[in-house]
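Inspection log for the structure reproduced underneath, given as structure tokens.
The values are calculated or read from the model by the stated rules, or taken from the named source; none is laboratory data. Since we're looking at a predicted model, the values are computed, not measured. Cβ sites come from the backbone with ideal geometry, for glycine too, and all protein chains shown count toward neighbours. Quick note on the areas: whole protein, heavy atoms, side chains included, nothing else; ligands and nucleic acids left out. Shrake-Rupley method; radii C 1.70, N 1.55, O 1.52, S 1.80 Å.
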Amino acid sequence: MNSYNFICSINRFYVVHNSDALLGLVYDIAFKPDGSQLIIAAGLRVLVYDAADGTIIQPLKGHKDIVYCVAYAKDGKRFASGSADKSIIIWTSKLEGILKYTHNDSIQCVAYNPVTHQLASCSSGDFGLWSPEQKSVNKHKVSSKITCCGWTNDGQYLALGMMNGVVSIRNKNGEEKVKIERPGGPSAINILIGKDRTLTYDPCCVSYFSKGEYIVMGGSDKHASLYTKDGVRLGTIGEQNAWVWTCRVKPDSPFVVLGCQDGTIACYHLIFNTVHGLYKDRYAYRDSMTDVIVQHLITEQKVRIKGRELVKKIAIYRNRLAIQLPEKIHIYELYSDDSSDMHYRIKEKICWKFDCNLLVVCSQHIILCQEKRLQCLSFTSVREKEWVMESLIRYIKVIGGPPGREGLLVGLKNGAILKIFLDNPFPITLLKRSTSVRCLDMSASRNKLAVVDEHNTLLVYDINSEVLLFQEPNANSVAWNTQCEDMLCFSGNGYLNIKASDFPVHQQKMQGFVVGYNGSKIFCLHVYSMSAVDVPQSAPMHQYLEKKVFREAYQIACLGVTDSDWRDLATEALEGLDFDTAKKAFIRIRDLRYLELINSIEERKKRGESDNELFLADVYAYQGKFHEAAKLYKRTGHESRALSMYTDLRMFEYAKEFLGATDPKSSRILMTKQADWAKSSKEPRAAADMYLSAGEHLKAIDIIGEHGWADMLIDIARKLDKAEREPLGKCALYFKKLKHHGYASEIYSKMGDLQALVQLHVETRHWEEAFSLVEKRPQFTDDVFVPYAQWLAENDRFEEAQKAFHRAGRQNEAVKVLEQLTHNAVVENRFNDAGYYYWMLSMQCLDIARGETEQRDEMLKKFEHFQHLAELYHVYRSIQRYTDEPFSSHMPETLFNICRFLLNNLTKDKPRGISKVNTLYALAKQSEKLGAYKLARYSYEKLQELYIPSRLQDPIELGSFKIPRCARCHDVLPLLHQQPPFYLDEGIGDEEAVSLIDLEVPHTDERDMQALRLDDGLDDAEEDPFTAKMSFEQGGSNFVPVKVSRLVLRSMSRRDVLIKRWPRPLKWEYFRSLLPDVSITMCPTCFKVQHF
């Protein structure tokens, strides 16, 4: 690539010299914000020039001494001039003076605020701030002569540069905010931000160029130079005959105007040429004049290589990057061989100053081109070879090759095209033409050469035969596709042209020059930017398809085409029976349906099939060309495939036409398929009728049953023979789902399936019909009564469930049901229900013990255990209600006795759900109410040994402190023991005992008689065995069960005797009330005793 430094065009014009104006010295320049006018301070006048052509518009008179400075407001409405006559004049854009004010010394500089348009005017001893809104000028004294001034871009601060080297930062009101002192430094000439740089001359002016990216500076060296914003000198803009006193940049343009000591005013146009290099998808270009950016055009990754010198040329090849600086060349290499790696490191430095037109880098060499001469240098600065051409070199390009032996393609101005190898001192002439070469490129296989000449004509040659293959007009650059031998692109007249083989050119609009072509990416340089354009290869691919050249079309498609183009290629190749190409194309678009077809055809080929017409028929069928496919199927003798195709596509009319008059079997198959289609088309009734016509009863029954058409279903079932059990069974099953018990029963009866009939009655809860069937068929007893019992238990009809379980002989199931119900009641704190369920369990166990001798002992133990639990849960319910509910229906005495009873019967194995804490707490509270304080205190102390719930902690602690304490207290009341039963003497049966008790001996009323009795107490004790029992309870040594004789039985009152008449095998139990005045009653079912 050619690369040049910035080139400047110069326009000069002169002011008229005045004898009083120091030979016309130009002190200052200012542009109008729109760039149309140039204001110049020269001599005693302010000169206004046309910035476009340099003609003077009007000289302005008003100052009496030399004009030192001018400045234009950003809004373009006015400008100001300052003079040695100590005055400031405000001029309008129409070149009329509207205001004049003075300072005490000569004016040195002026500057307008870019936002508020406030004017800062500076003299040798002070500075002033003026705005159109105010009548007076605010002036501020300074300690040194002000030489320059400038506002910040936001207009908030003003910087003043002084003769003593101090920079003062002021706000809009003139107050000093920051003071920058530079002891011993030179006076400030202008105000800029950056690092200090040492200059070899005295600077007189400085100005930002191109939005602050560069700096223009002039001074005593009589040059105007361009610097980077960091102070790196890039080059000379222009050389003058006198000091450059002032410089200004035209707003938003690349023009720079200089004012010189001798009165010269020069305008320069700065043009920055593109310095870049390209290799495949890597593009390197210059940025900010000193940096190099390497861009990966595919991934859009970028890496910046920073520099501090002007970049003159760039070359890139494979993993090498060469950058030419003013005094040296830097060679960089990639860190790795990864194609996506973007990290470069310095490899070599060639510290020579080279003058060359073109720079090329190879794996181990750099190539310098200077007009006719080519020089090959190693990275160690050794000149290895040199070639001198017969004409100027216009184009050079590396075309690849082994490291150290790369080939160069060279185009000369006289039309010669050469190939040079780095290890060969003799160039090889490829072609000689009569016109100058503008651009060159060679195809990937090195067999074809593309040339663009100075007449913008593209010519393509066969290198081996030197035959012109074709030519195209309007070309300014050309590039071969690096991945396809027969494709190239060229640009010209605003169009991109793509040509494949000898097909016509495909065009599309594009700005810029083609510099590379890789796959589907065309790299285009437009002005200063490189872009990668995605170009679908649709047009050339279709050109190959028209000629049925599928493999070449596939190669073009691989470069980049749309999905529709891939499908076109796959379809055309499939119809052309090029299955390999079609398969690869369908894989690209992921069309599994066609891939399955191709795989099946390939498998059939492996098995020996070779009928291409049959293969093509399958292809047509897949493509929807059904009639063509049917014709081919018929021609190849595969009518069945045509029939399957039509029926699968629901084309039943075409199928009938295709079949014609054939056998009934094919018609029945067709009817079945039509019914399948009707079913999938949500026409169930028509589908059912078709299935019945085709003899497919099961499918018809499924459709009818799913839609609940009971009438149609029963008609089918009645027409079916009883031997057709499968369809009949399916009919019965659907009737069960539809809850038509009668129809289902009818079908099962027709089938003779009694087991299914019983199950039907059970599932539908038709128990009477089930019982009736059991009476006739006893073998189904278990099948009926077991589920019946379970149903009763689920509906809380436990007694009936018990009878059902008994009848079915399932005693254990009955017990398990009740045990589960009992457990649930305890878990849910339903203690009344728990007591009732435990009582029922005990009675169940008693019934089992009465009927089975093997389990009698075990059942009797369970009976006693369940009776005990029933009694505990029954009484605990009262305590639970007392502790959990705010009110209680029991008297304190009743709760007191309940608690005592429960505590006496709680063993180590405490029943689940019964809380000893609640029981002791209730006992303590009732004892406190009844005055049994010691027992209450005892209960509270026992509670301290247990874990107390948080809800009871405060009441228990408070209750234990509320119990009164005294020096003398009663003993703790003994806990209540249940009165044991009395027993009958041997020989006395239950019936006899009851009859003797009923024969109550009348008592004589002692109030009506007087008698003297001796030893009354002793006789009573001998006659009454219960008195001895009471003496034992009050301290007797041995417990003696109470046995009563016939005489004692006869003496008992019927109302004082309670009899628990347990069923066999248990014995009856007899109890006597020792408190005749208390009314006691007993439940005849559960034998629970209560008093009123």
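Criterion first (open to solvent by less than 40 Å² (accessible area, probe 1.4 Å), more than 30 Å from W709 (Cβ to Cβ), at pLDDT below 80 and not aliphatic (A, V, I, L, M)) does G624 satisfy it?
It is true that G624 is open to solvent by less than 40 Å² (accessible area, probe 1.4 Å), more than 30 Å from W709 (Cβ to Cβ), at pLDDT below 80 and not aliphatic (A, V, I, L, M).
Of the residues L1066, L996, which is open to solvent by less than 50 Å² (accessible area, probe 1.4 Å), part of a helix (DSSP H, G or I) and at pLDDT 70 or above?
Of the residues listed, the single one that is open to solvent by less than 50 Å² (accessible area, probe 1.4 Å), part of a helix (DSSP H, G or I) and at pLDDT 70 or above is L996.
Between a first residue in region 450-474 that is within 11 Å of F490 (Cβ to Cβ) and polar (S, T, N, Q) and a second residue that is open to solvent by 30 Å² or more (accessible area, probe 1.4 Å) and part of a strand (DSSP E or B), which pairs have beta carbons less than 9 Å apart while being 6 or more apart in sequence or on different chains?
N456/R438; T457/Q471; T457/E472; N474/Y495
Which of the residues spanning region 392-406 are over 21 Å from V451 (Cα atoms) and open to solvent by less than 20 Å² (accessible area, probe 1.4 Å)?
Selection gives G404 alone.
Looking at the structure I just gave you, is S772 small (G, A, S), over 60 Å from the mean Cα position of the chain (by Cα), open to solvent by 20 Å² or more (accessible area, probe 1.4 Å) and more than 19 Å from W791 (Cα to Cα)?
So S772 does not fit the description; no.
Of the residues P59, P132, P114, only one is surrounded by fewer than 22 Cβ atoms within 10 Å (Cβ to Cβ) and not in a loop (DSSP other than H, G, I, E, B); which?
P59
Specify the residue that is surrounded by the most Cβ atoms within 10 Å (Cβ to Cβ); the eligible residues are those in region 296-305 that are in a strand (DSSP E or B) and either in contact with a Leu (Cβ under 8 Å, 6 or more places away or on another chain) or without any contact (Cβ under 8 Å) to a residue 40 or more places away in the chain (or both).
I305
When you check L377 against the structure, is it out of contact with any Lys or Arg (no Cβ under 8 Å at 6 or more places or on another chain) and not in a loop (DSSP other than H, G, I, E, B), yes or no?
no
Select, from K736, K699, K722, the only residue that is outside any helix (DSSP H, G or I) and in contact with a helix residue (DSSP H, G or I) (Cβ under 7 Å, 6 or more places away or on another chain).
K722
Just to verify a result, which residue in region 194-247, among those that are among the aliphatic types (A, V, I, L, M) and farther than 21 Å from P326 by Cβ, is farthest from the chain's Cα centre (by Cα)?
My answer is A242.
I'm trying to understand the selection: among the residues of region 546-597, which are touching a strand residue (DSSP E or B) at 6+ places or on another chain (Cβ under 9 Å) and either hydrophobic (A, V, I, L, M, F, W, C) or at pLDDT 90 or above (or both)?
I556, L559
What number of residues within region 576-591 satisfy the criterion of being acidic (D, E) and either within 34 Å of the chain's Cα centre (by Cα) or not in a helix (DSSP H, G or I) (or both)?
2
Within region 234-249, how many residues turn out to be touching a residue at least 24 places away in the same chain (Cβ under 8 Å), open to solvent by 20 Å² or more (accessible area, probe 1.4 Å) and in a strand (DSSP E or B)?
3
Open to solvent by 40 Å² or more (accessible area, probe 1.4 Å) and without any contact (Cβ under 8 Å) to a residue 24 or more places away in the chain: which single residue out of R318, R308, R345 fits that description?
R345
Where residues in region 534-553 are within 42 Å of the chain's Cα centre (by Cα) and hydrophobic (A, V, I, L, M, F, W, C), which of them is most open to solvent (accessible area, probe 1.4 Å)?
Filtering first and then ranking leaves A539.
Determine which member of the set Y836, Y873 is in contact (Cβ under 8 Å) with a residue 24 or more places away in the chain and open to solvent by 40 Å² or more (accessible area, probe 1.4 Å).
Y836
Would you call L95 under 18 Å from I39 (Cβ atoms), open to solvent by 10 Å² or more (accessible area, probe 1.4 Å) and of a type outside the set (K, R)?
yes
If you check L422 against the conditions, is it farther than 30 Å from H542 by Cα, crowded, with 21+ Cβ neighbours inside 10 Å and in contact with a Leu (Cβ under 9 Å, 6 or more places away or on another chain)?
When the stated conditions are applied, L422 passes them.
Of the residues K94, K64, which is farther than 24 Å from S143 by Cα, in a loop (DSSP other than H, G, I, E, B) and without any contact (Cβ under 8 Å) to a residue 12 or more places away in the chain?
K94
Quick one: in region 851-898, of everything that is basic (K, R) and more than 22 Å from R1064 (Cβ to Cβ), which residue is farthest from the chain's Cα centre (by Cα)?
The selected residue is R877.
Tell me which residues, restricted to region 495-505, are modelled with pLDDT of 85 or more and either open to solvent by 30 Å² or more (accessible area, probe 1.4 Å) or of a type in the set (S, T, Y) (or both).
Y495, P504, V505
Can you find, within region 1-59, the residue that is modelled with the highest pLDDT among those that are under 30 Å from Q370 (Cα atoms) and in contact with a Gly (Cβ under 7 Å, 6 or more places away or on another chain)?
The residue in question is F6.
Does region 263-291 hold any residues that are hydrophobic (A, V, I, L, M, F, W, C), assigned to a strand (DSSP E or B) and more than 26 Å from T482 (Cα to Cα), and which are they?
I265, A266, C267, L270, I271, listed by residue number.
Kindly provide the set of residues from region 215-226 that are open to solvent by 20 Å² or more (accessible area, probe 1.4 Å) and of a type outside the set (A, V, I, L, M, F, W, C), ordered by number.
Of everything in region 215-226, those that are open to solvent by 20 Å² or more (accessible area, probe 1.4 Å) and of a type outside the set (A, V, I, L, M, F, W, C) turn out to be S220, D221, K222, H223.
When only residues in region 140-155 that are in a loop (DSSP other than H, G, I, E, B) and touching a residue at least 24 places away in the same chain (Cβ under 8 Å) count, which is surrounded by the most Cβ atoms within 10 Å (Cβ to Cβ)?
Across region 140-155, the extreme among qualifying residues is V142.
Take the residues in region 321-342 that are surrounded by fewer than 18 Cβ atoms within 10 Å (Cβ to Cβ) and hydroxyl-bearing (S, T, Y), then tell me which one is farthest from Y285 (Cα to Cα).
S336
When you scan region 534-578, how many residues do you find that are touching a Lys or Arg at 6+ places or on another chain (Cβ under 7 Å) and under 30 Å from T274 (Cβ atoms)?
Residues that pass the stated criteria total 1.
Name every residue in region 224-247 that is touching a Leu at 6+ places or on another chain (Cβ under 8 Å) and of a type in the set (D, E, K, R), in order of residue number.
Selection gives R233 alone.
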